[in-house]
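Have a look at the structure below before the remarks.
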Amino acid sequence: MSEASPEGSPRTADPIAASGPLCVCPLSRVPETVARTGAQHLITLINYHTMPETPAGIIAARHLKIAVNDIVAPTDGLVHPCEAHIVELLRFAESWNRQGALVIHCHAGISRSTAAAFIAACALNPGVSELLIARQLRAASATASPNGLLVRLADDCLGRRGRMLAALGAMGPAEIAAEAEPFLLASRFE
């Protein structure tokens, strides 16, 4: 985790301590992240051929698997994000009781998973500025580069009138990385 105590367990800031955090990581770090956070809920956004099994500690009903490629427009032979994916994501995030962490991952922990974390945070905090959430996302991860199509679709579903996309633009460019470091994002903002 990017916020870790000397003992190696996730350290939390006040907004995160109030309720379970959203934890974003790459595929390679899922078992470690689930174990370190004690998460009982998991969202996977990855292509169909790479879809992992549900890790130990997570029951199948608490593992949302969305088979989607990291693209922003329809491309032959690939699955592009669509409204049905967003509806599934929103339903799952809103059913999470925020008791314990919710781990969200994609292949690299950079695009699909950061979009899903941003979307979940916006959905769980309907009265909070999208810009505030986007700034917190950038502060948590310099490599976060949320998938624009996922965010645009969620913006429409949540009735945010383009503010989610505008907030992404205000985040500034991401640092280039092959794989992100796991990080925490608050699930509740005041």
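Here are a few things to note about the model shown:
- Length available on full extension from L78 to A139: 0.36 nm per residue minus the Cα-Cα distance, which gives 18.8 nm.
- Extreme residue, positive dipole direction of the chain, given options I46, S113, N125 (C-beta unit charges): N125
- Charging the Cβ of each Asp and Glu at -1 and of each Lys and Arg at +1, and nothing else, the dipole of region 16-182 about its Cα centre rounds to 420 debye.
- Listed values (1) 22, 20, 16; (2) 26, 21, 16; (3) 44, 19, 14 include one computed from this model; for semi-axes √(5λ) of the Cα gyration tensor in Å that value carries the label (1).
- Helix-only mean residue ellipticity at 222 nm for the chain, each DSSP H run of n ≥ 4 adding -39500 (n - 2.57), per residue, nearest 500: -10500 deg cm²/dmol
- Each label point was placed 7 Å from the Cα along the Cα-to-Cβ direction; for V87 and E190 their separation is 3.7 nm.
- Beta bridges assigned by DSSP with both partners in the chain are antiparallel in approximately 20 percent of cases.
- In region 117-159, the C-alpha radius of gyration followed by the widest Cα-Cα span (Dmax) gives 10.1, 28 angstrom.
- The chain: most fluctuating residue of L168, L150, L78 per GNM, C-alpha cutoff 10 Å: L78
Values quoted throughout were computed directly from the atomic coordinates according to the rules given, and no laboratory measurement underlies them. For clarity, every value in this text was computed on a predicted model and none was experimentally measured. Positions of Cβ are generated from backbone atoms using ideal geometry, with glycine treated the same way; all protein chains shown enter the neighbour counts.
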